[in-house]
Every structure is written in C-alpha cells, then in structure tokens.
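Here, each number is a calculation from the coordinates, and none is a lab measurement. Computed from a predicted model, the values in this text were never measured in an experiment. Here Cβ is always computed from backbone atoms with ideal geometry, including for glycine, and neighbour counts include all displayed protein chains.
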Amino acid sequence: MSDKRRVVILGVGLHPFGRFPDKPAEDLAREAALEALKDAGIEYKDVEAGYCGWVMSQAGFGLRLFSELGQTGIPITNTELACASSSRGAMLAADAISAGIYDMCLVIGLEKMMRGLIPGAGAGGGAGGGYQTLMGMFLMPGAYAMMAQRHMHLYGTTREQFAQVSVKSHKNAVHNPYAQYRTRLTLEEILNSRMIADPITLYQCCPTSDGASAVVLCSEEKARQYTTRPVFLTGWGGATPIYSRDEPELSEGPTEVLAKKVYERAGVGPEDVNLAQVHDAFTPGEVLTVEKLGFCKPGEGGPFVWEGNTEITGSKPVNTDGGLLSRGHPMGATGGAMIAEITRQLRGQAGERQVADPKVGILHNAGIGGVNVMIFQT
C-alpha cells in the first residue's frame, strides 16, 4: 500500500446503545452523525461520499439516514455484512480515499432490533437456507457453543475461562456512558444464569440493541487542516470462510490468515498491539480470537483471558468499552462503535477505561458473510 494515500479517522460519534422504542431510527443515526461531524470539526457539506450499514431494513435505507443531514447530491452506498456492515463501509471508504477518489467520507451504522434470538445465515432465504440451517446448526449461540466445546475437548479450556470474558466486559462497560449494560457481574452470577447453548449461559450472550455509530474518514492531507494528532487507519482487509477438511476453523472466518495479511500491510505485528476490539457476540468469541490475532498460542486463549491479560491493565486490553456483551450489539452500528472506541483510546479520550499510552489498535469484526480486520496507529 506504499503507493496509496494514508487514511485518517477524523471524527467518531455514537448514539447510546440500548432500547429506544419511541425513537425513530433516523433520530438515532442523525445524533451519531452530528457527533462525528462535530468531533471531526467539519460540516456535512464537506463530505464527498457516504456509506451506510443497516442490516434489518429495506432498499434505499442509506438515503433515508443521510437525508437527515442534508441533500448535497453525494453518492451513498449501502453496505450489508450482518454484524460487520459498518466496518465494511469504513473499509470501502478507506479504499476510495487511499486511491484518491475522495478526500472526505462519512460512514453511518444503525440498527433497531427486536428482542430475542437472531437466526443465522440463510434463515428465510428461500430454498431451505442451506445445509447448516436445515440441520439446525446455524443459530448463533449453537454455532459458538460447538466451537467452544471443540476448544474444550482439544485444549482443556474451562467454562470459568469463557465466563471470565463476560466478567471483564461488564466491568469495563461501567465506565462507558454509551453502553447498554453498565452493571458488574460476578463469575458465579454468569455461570449460574440460564443455560442457552452449553457451555454458554445467558450472561455470556450479547443483547440485541438499538443504536447508531458514525465515522468520518479522510486523507492525511485533508486531516492536517483539522488536527495535529491524527489517528491513521494503516491496514485493513476482509475475507470469507475458507473450507478445510483437515483443519476446521474455530471462528467465524479466516481470522488468522487475514490478520497476518493486515499486520504485514500495516508494518506491525501482534507484539506491537496495545489494545483490541474483537467480536465477542458470545464469550467464546474472545477466547478464540485472541489466539487467531496472535496474542497467544493456539489453545492458550482460555488461560490468557483468565490470567488478566485482556483487562484494561493487562498486556493486551480487549473490548475496553464492554464489547458486544455489555456495550450492546445493534448489528449495523457495531463496527463503527469498535472504530470509535479504538480512536478514542489512541487519542487518550477514554476516561476511566483509558489504556496507558496506546499506539496501535486492532479491530476484528465478524459478520455472516465474512470478517473484517483493521489496524489503527497514531
């Protein structure tokens, strides 16, 4: 990527995650976008292109949300990659900026969700939805539970180690004013909550949520007009699952392969990472992903979490804002929220959940249809 322009995260904004039954989707998106524009120090007329992630909507949803800010004639692209929709939108914006097509882009992510279980890939998609759906294997708690059971069988990972992810995430969310759940939970409370898909209990599942996120991306040249401390997006990439008969993938996509490529593009390695945002829709997600990102060896994710390495004060702080488990998971908005947290951490703006002097952050955002990995640096 040496011949490409450098990309900067100039502004980030969020609408709090939670339940807002009386608040229209447009209001959530507008508030997040106005916060991001203010954070960037720009006006909407400065934006040259828009990208919108909203999973459970209809055609033309991007135009609906961006029209809340104005009608300036910019191209608006809708992106849908389930839970990874807005991070994929940010990657598309980064592609365009690095190639010199645009100088300033805005990404909006949004979701208003029904309560209860969200079906997995192919549900309701005609023709039966594919083998996994027909066999009852692609309800997401079940999918994560099967990966967890396999990990327990291969490496001796314990239920307590998985549950510790939720203990840590709820503790972090106490200090996040945007989080859906800001209450600490003990290990016993988590383990003794209702069983959902063995070994995953209720408090090891992320909630369905309402919420919105927004991210302003721009070229380095443009960013210099607004800030003297830019946060750079130095590496990014997406991938879809890779079939392997010999080595089944214990994650939602080829995270390990993708992470290695993105590390190389950014010129860093896992040893350089100071904090991470990972897709902890269910607690096994964090245990599996810290291995795939190279923070520890295969099979050591459980002890790595249990020993405190992913705490804010640990060697590799993970989901400092509470993650999906406690911040909440409005699917279309989640990727943007991850970007917002890393950006604020790298700027030193995270308050009581601030990591000490971070320089490099990594994002892992999985969705049905692929996974995104992004690296940010000061």
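Could you list 263, 51, 155 so that the one with the fewest beta carbons within 10 Å of its beta carbon is first and the one with the most is last?
On the way: 263 21, 51 27, 155 18.
If I rank by nearby Cβ atoms, fewest first, I get 155, 263, 51.
In terms of surrounding Cβ atoms within a 10 Å radius of their Cβ, 244, 169, 86 rank from fewest to most as 244, 169, 86. Quote the relative contact order of the chain in percent (integer), defining contacts as alpha-carbon pairs under 8 Å separated by 6+ residues. Normalised by residue count, the contact order of the chain is 26 percent. Working from the Cα coordinates of segment 240-325, the gyration tensor eigenvalues give, after taking √(5λ), semi-axes of 20, 16, 12 Å in decreasing order.
If I take every Cα pair under 8 Å that is 6 or more residues apart in segment 232-341, average their sequence separation and divide by the length, what percent do I get for the relative contact order?
Value for segment 232-341: 22 percent.
In the chain, the alpha-carbon atoms span a convex hull of 130 Å³ per residue. Helix-only arithmetic for the chain: the sum of -39500 (n - 2.57) across DSSP H runs with n ≥ 4, divided by the residue total, places the mean residue ellipticity at 222 nm at -10000 deg cm²/dmol.
Going by Cα centres, segment 38-103 and segment 344-359 are how many Å apart? With segment 38-103 and segment 344-359 each reduced to a Cα centre, they are spaced 26 Å. Along its first, second and third principal axes, ordered by size, segment 1-112 spans 48, 28, 25 Å in Cα coordinates.
Over segment 202-293, what is the mean sequence separation of C-alpha contacts under 8 Å (at least six apart), divided by residue count, expressed as relative contact order in percent? Don't skip to the end; give the middle numbers.
Details: 53 pairs, mean separation 30.1, N = 92.
Relative contact order of segment 202-293: 33 percent.
Between helix 159-173 and the chain there is an angle of about 30 degrees, using the helix long axis and the longest principal axis of the Cα atoms.
What is the mean projected area of the alpha carbon convex hull for segment 73-116, to one decimal in square nanometres? Write down the numbers at each step before the final one.
Details: hull surface 15.1 nm².
So the mean shadow area of the Cα hull is 3.8 nm².
For segment 27-84, compute Rh as the Kirkwood radius over C-alpha pairs and then the Stokes-Einstein diffusion coefficient at 4 °C and 1.567 mPa s; write the answer in µm²/s, rounded to an integer.
On the way: Rh = 12.0 Å.
Answer, rounded: 108 µm²/s.
When the label point is put 7 Å from the Cα of residue 115 along its Cα-to-beta-carbon vector, which residues of segment 324-339 have a backbone N closer than 20 Å? In segment 324-339, the label zone of residue 115 (backbone N under 20 Å from the point 7 Å along Cα→Cβ) covers 325-331. Every pair of different Cα atoms in segment 320-378 enters the Kirkwood calculation, which places the hydrodynamic radius at 12.1 Å. In nm, to one decimal, how far is the residue 58 label point from the residue 220 one, both placed 7 Å along Cα→Cβ? Spacing of the two 7 Å Cα→Cβ label points: 4.5 nm.
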